[in-house]
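A.B. asks: Take this structure first; my questions come after.
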């Protein structure tokens, strides 16, 4: 868990550098699109659909940015 928090701290700092608007200390993790694989982890799994326009883009940090950010920290 300590390592996870370490990497979340790195990503939080990188997000702020790009002008990201951080509104909470711990992130909400989301998956784009329905994932049958993730749904199989739980009994009676459900999902919701939220239009991307409902999100403030300054509060979103894409997983596509993570490998680049973390490799720069090594």
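Rule-based calculations on the coordinates, nothing more; no lab input. Here the structure is a predicted model, which means the values were calculated and not measured. Here the Cβ is made from the backbone with ideal geometry for all residues, glycine too, and neighbour counts use every protein chain on show.
A.B. asks: So if we plug the beta-carbon distance of residue 56 and residue 10 into 1/(1 + (r/R0)^6) with R0 = 25 Å, what FRET efficiency do we get, rounded to 0.05?
C.D. replies: Numbers: r = 22 Å, r/R0 = 0.89.
Once the sixth-power term is evaluated, E becomes 0.65.
A.B. asks: Also, quick follow-up: Please report 42, 55, 15 as a ranked list, fewest other C-beta atoms within 10 angstrom at the top and most at the bottom. Each step should come with its number before you reach the end.
C.D. replies: Numbers: 42 8, 55 11, 15 19.
Placing the least packed residue first, the sequence is 42, 55, 15.
A.B. asks: Given points 7 Å out from each Cα along the Cα-Cβ axis, report the residue 32 to residue 44 separation in nanometres with one decimal.
C.D. replies: It is 3.2 nm.
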